[in-house]
Amino acid sequence: MHQSREFDIIIWGASGFTGRLVALYLFDKYGTNGDLKWAMGGRNLTKLEKVRDEVANKNVPLVIADSNDKVSLLNMVNRTKVICTTVGPYAKYGSNLVETCIKSHIHYCDLAGEVQWMYKMINRHHEAAKVNGSKIVHTCGFDSIPSDMGVYFIQREAKAKRGSIAQKIKMRVAAISGGISGGTYASLSRVLEEAQKDKMVYKILTNPYGLNPIDEQVGKDKSDLRSVIFDKASQSWIGPFIMASINTKVVRRSNVLSSYAYGKSFRYDEATIFGKGFLGRIKGILSFIPIGLIMSAKHGSLLKKGLDILFPSPGEGPTKQKMEKGFYKLRFYITLADGSNAFAKVTGDMDPGYGSSSKMLAESAVCLAKDKLSNISGVLTPSVAMGDALLKRLEKNAGLTFSFKY
Ligand SMILES: NC(=O)c1ccc[n+]([C@@H]2O[C@H](COP(=O)([O-])OP(=O)(O)OC[C@H]3O[C@@H](n4cnc5c(N)ncnc54)[C@H](OP(=O)(O)O)[C@@H]3O)[C@@H](O)[C@H]2O)c1
């Protein structure tokens, strides 16, 4: 990586809802006179100046680049060691940037949860990124850091404390509180629109191993849960978890990229806990309604137009108070290779989508820029790209906790 670049990190998309939170976090945590050299990036100088006045001060340099202008992207990328981007939907605005980062031999991280786009980036750029020494790391937010780093942590602890790897892990969302931004809704809409139009996209989204290399898309895992059932592991009624279709694929890709460090017969699934007894079952069934509506709303239909009015527009998102009051608690029910059981927890201290995701993304960027990491490169997952170094940062700075009980 280039040691002589002007910046360690450019946060591109700093004028957007999430990018602004990342900039605010970097300013509060790392300031402008310290060891970390960082800048705010975007396409509109006036807007960037306004946001900078609100979240930082004039010592933070501004960099202008537009996703449609490749020259401006290259000029931006050539000034930094790491690009941290919140310019989404990534399928719409992100492809040229990934290519440019690899050309410039630098690292990259984002908050993408758009599986169909990540699939494209892997196919187009994994080999080139490997050759050029670039770490391209998608999913550095709530999808999929708590899951991916949670499993990485469990495997590390299981080996150290029980002398055995985990063969089966069931992640259950025990509690969650937060909101949604216009950018995320736009990204989700785009994924669904592409899946409705293109059978290949639908196939990638529904393939449990869809982010693995083509010749390694085999294993015992089935599709993500789509109904409400009673779960023996948590002794509760469980139902679908909306992020499972991203997270489970990322965890499985981590296994492949780490030369099957979790074993070839490793199994992983995710679901949401709705509680015990009749009430738990009803809660599960009711929670299906909004998910079902979003999934079935066809592009251009009246239902879709209605949902577009209900959800926030790009640039909008949950209030500060809602983010601060937010949290999440994830439980992991583990079966070790020797047949015994273990249990782990991951928690986060703010709303998952924005308060917590912006801290996770910012710490990923700092980790890529500053920490001593393995030489692995390519289109990677957070755990494979950053491993223990990121785990330390998440616990120390980003409000996450990881615990393993045996
Ligand atoms: N995975 C997770 O956990 C997670 C969590 C949060 C967000 N996200 C994702 O993060 C992305 C951003 O979400 P958000 O709510 O922050 O969105 P947003 O508020 O709409 O912000 C989008 C940003 O992209 C910029 N932009 C738009 N078109 C551009 C172009 N052609 N060239 C350069 N910049 C351009 C916008 O600039 P202007 O201000 O000039 O319009 C803005 O800064 C979404 O894809 C969302 O799904 C993921």
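The values are calculated or read from the model by the stated rules, or taken from the named source; none is laboratory data. Remember, it's a predicted structure, so these values are computed and weren't measured experimentally. Virtual Cβ from ideal backbone geometry, glycine too; neighbours counted across all protein chains shown. Side chains included, ligands, DNA and RNA excluded: accessible areas come from the protein's heavy atoms. Shrake-Rupley method; radii C 1.70, N 1.55, O 1.52, S 1.80 Å.
Answer yes or no as to whether Ser383 is touching a residue at least 24 places away in the same chain (Cβ under 8 Å), over 15 Å from Ser144 (Cα atoms), out of contact with any Leu (no Cβ under 6 Å at 6 or more places or on another chain) and polar (S, T, N, Q).
Numbers: touching a residue at least 24 places away in the same chain (Cβ under 8 Å): yes; over 15 Å from Ser144 (Cα atoms): no; out of contact with any Leu (no Cβ under 6 Å at 6 or more places or on another chain): yes; polar (S, T, N, Q): yes.
For Ser383, the condition - touching a residue at least 24 places away in the same chain (Cβ under 8 Å), over 15 Å from Ser144 (Cα atoms), out of contact with any Leu (no Cβ under 6 Å at 6 or more places or on another chain) and polar (S, T, N, Q) - is not met.
Would you confirm, using the coordinates I've provided, whether Pro318 is open to solvent by 40 Å² or more (accessible area, probe 1.4 Å), not basic (Lys, Arg) and not in a strand (DSSP E or B)? It would help to see each step written out before you state the result.
Working: open to solvent by 40 Å² or more (accessible area, probe 1.4 Å): no; not basic (Lys, Arg): yes; not in a strand (DSSP E or B): yes.
Judged against the criteria, Pro318 is not a match.
What are the pairs, 6+ residues apart or on separate chains, where a residue within the range 164-185 that is closer than 16 Å to Ala244 by Cβ and modelled with pLDDT of 95 or more has its Cβ under 8 Å from a residue that is assigned to a loop (DSSP other than H, G, I, E, B) and aliphatic (A, V, I, L, M)?
Hits for this filter: Lys170/Ala233; Arg172/Ala233.
Consider Leu188 carefully, then state whether it is open to solvent by 10 Å² or more (accessible area, probe 1.4 Å), part of a helix (DSSP H, G or I) and either modelled with pLDDT under 95 or within 16 Å of the ligand (Cβ to nearest atom) (or both). Walk me through how you get there before you give the answer.
On the way: open to solvent by 10 Å² or more (accessible area, probe 1.4 Å): yes; part of a helix (DSSP H, G or I): yes; either modelled with pLDDT under 95 or within 16 Å of the ligand (Cβ to nearest atom) (or both): yes.
Judged against the criteria, Leu188 is a match.
Quick one: would you say Gly219 is within 14 Å of the ligand (Cβ to nearest atom) and either of a type outside the set (S, T, N, Q) or touching a Phe, Trp or Tyr at 6+ places or on another chain (Cβ under 6 Å) (or both)? Can you show your working first?
On the way: within 14 Å of the ligand (Cβ to nearest atom): no; either of a type outside the set (S, T, N, Q) or touching a Phe, Trp or Tyr at 6+ places or on another chain (Cβ under 6 Å) (or both): yes.
Criteria not met by Gly219.
Check the range 136-147 and report whether any residue there is open to solvent by 30 Å² or more (accessible area, probe 1.4 Å), modelled with pLDDT of 95 or more and closer than 22 Å to Asp371 by Cβ. Walk me through it before giving the result.
Step one: filter the range 136-147 for residues open to solvent by 30 Å² or more (accessible area, probe 1.4 Å), giving none.
The answer is no; no qualifying residue exists.
Tell me which residues, restricted to the range 351-384, are among the β-branched types (Val, Ile, Thr) and open to solvent by less than 10 Å² (accessible area, probe 1.4 Å). Break it down stepwise before answering.
Step one: of the range 351-384, the residues among the β-branched types (Val, Ile, Thr) are 366, 376, 379, 381, 384.
Within the range 351-384, Val366, Val379, Thr381 qualify.
Table: residues versus (1) under 19 Å from the mean Cα position of the chain (by Cα); (2) open to solvent by less than 20 Å² (accessible area, probe 1.4 Å); (3) free of Cβ contacts under 8 Å to residues at least 12 places away in the same chain.
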residue: Leu211; (1), (2), (3): yes, yes, no
residue: Ile229; (1), (2), (3): no, no, yes
residue: Lys232; (1), (2), (3): no, no, yes
residue: Gln235; (1), (2), (3): no, no, no
residue: Met243; (1), (2), (3): yes, no, no
residue: Val250; (1), (2), (3): yes, yes, no
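Any residue in the range 18-44 that's more than 12 Å from Val60 (Cα to Cα): show its pairings with residues that are surrounded by fewer than 24 Cβ atoms within 10 Å (Cβ to Cβ) and of a type in the set (Asp, Glu) at Cβ separation under 8 Å, as long as the two are six or more apart or on different chains.
Qualifying pairs under 8 Å: Arg20/Glu54; Arg43/Asp66.
Give the range 116-135 a look and list any residue that's open to solvent by less than 10 Å² (accessible area, probe 1.4 Å), at pLDDT 95 or above and within 16 Å of the ligand (Cβ to nearest atom), or say none.
Trp117, Met118, Met121
Quick one: is Glu54 away from the ligand (no atom under 11 Å from the Cβ), open to solvent by 80 Å² or more (accessible area, probe 1.4 Å), in a helix (DSSP H, G or I) and modelled with pLDDT of 95 or more?
Details: away from the ligand (no atom under 11 Å from the Cβ): yes; open to solvent by 80 Å² or more (accessible area, probe 1.4 Å): yes; in a helix (DSSP H, G or I): yes; modelled with pLDDT of 95 or more: yes.
Criteria met by Glu54.
Quick one: which of Lys345, Lys372 is out of contact with any Gly (no Cβ under 6 Å at 6 or more places or on another chain), within 24 Å of Ser236 (Cβ to Cβ) and outside any helix (DSSP H, G or I)?
Working: Lys372 fails: within 24 Å of Ser236 (Cβ to Cβ).
That would be Lys345, the only listed residue that is out of contact with any Gly (no Cβ under 6 Å at 6 or more places or on another chain), within 24 Å of Ser236 (Cβ to Cβ) and outside any helix (DSSP H, G or I).
Does Arg43 satisfy the criteria of being near the ligand (Cβ under 9 Å from one of its atoms) and of a type in the set (Lys, Arg)? Show your work before the answer.
On the way: near the ligand (Cβ under 9 Å from one of its atoms): yes; of a type in the set (Lys, Arg): yes.
Taking the combined requirement at face value, the residue satisfies it.
Looking only at the range 90-102, how many residues end up being within 8 Å of the ligand (Cβ to nearest atom) and surrounded by 22 or more Cβ atoms within 10 Å (Cβ to Cβ)?
Total meeting the criteria: 1.
So is Ile176 of a type in the set (A, V, I, L, M, F, W, C), open to solvent by 10 Å² or more (accessible area, probe 1.4 Å) and within 14 Å of the ligand (Cβ to nearest atom) or not? If you could, list the steps in order and put the result at the bottom.
Numbers: of a type in the set (A, V, I, L, M, F, W, C): yes; open to solvent by 10 Å² or more (accessible area, probe 1.4 Å): yes; within 14 Å of the ligand (Cβ to nearest atom): yes.
Taking the combined requirement at face value, the residue satisfies it.
Within the range 200-214, does at least one residue satisfy the condition of being of a type in the set (Lys, Arg), part of a helix (DSSP H, G or I), within 16 Å of the ligand (Cβ to nearest atom) and modelled with pLDDT under 95? It would help to see each step written out before you state the result.
First, pick out the residues of the range 200-214 that are of a type in the set (Lys, Arg): 203.
Among the residues that remain, those that are also part of a helix (DSSP H, G or I) are: 203.
Retained after the next criterion (residues that are within 16 Å of the ligand (Cβ to nearest atom)): none.
No, the range 200-214 contains no residue that is of a type in the set (Lys, Arg), part of a helix (DSSP H, G or I), within 16 Å of the ligand (Cβ to nearest atom) and modelled with pLDDT under 95.
Taking the range 1-20 as the search range and keeping residues that are open to solvent by less than 30 Å² (accessible area, probe 1.4 Å) and either within 15 Å of the ligand (Cβ to nearest atom) or part of a loop (DSSP other than H, G, I, E, B) (or both), which one is farthest from Phe142 (Cα to Cα)? Can you show your working first?
Step one: filter the range 1-20 for residues open to solvent by less than 30 Å² (accessible area, probe 1.4 Å), giving 7-14, 16, 18-19.
In the following step, the residues that additionally are either within 15 Å of the ligand (Cβ to nearest atom) or part of a loop (DSSP other than H, G, I, E, B) (or both) were identified as 10-14, 16, 18-19.
Working: Ile10: 21, Ile11: 18, Trp12: 19, Gly13: 18, Ala14: 19, Gly16: 18, Thr18: 12, Gly19: 15 Å.
Out of the qualifying residues, it is Ile10.
Could you please find all residues in the range 278-309 being closer than 20 Å to Gly178 by Cα, open to solvent by 40 Å² or more (accessible area, probe 1.4 Å) and either within 16 Å of the ligand (Cβ to nearest atom) or assigned to a loop (DSSP other than H, G, I, E, B) (or both)?
The one that is closer than 20 Å to Gly178 by Cα, open to solvent by 40 Å² or more (accessible area, probe 1.4 Å) and either within 16 Å of the ligand (Cβ to nearest atom) or assigned to a loop (DSSP other than H, G, I, E, B) (or both): Asp308.
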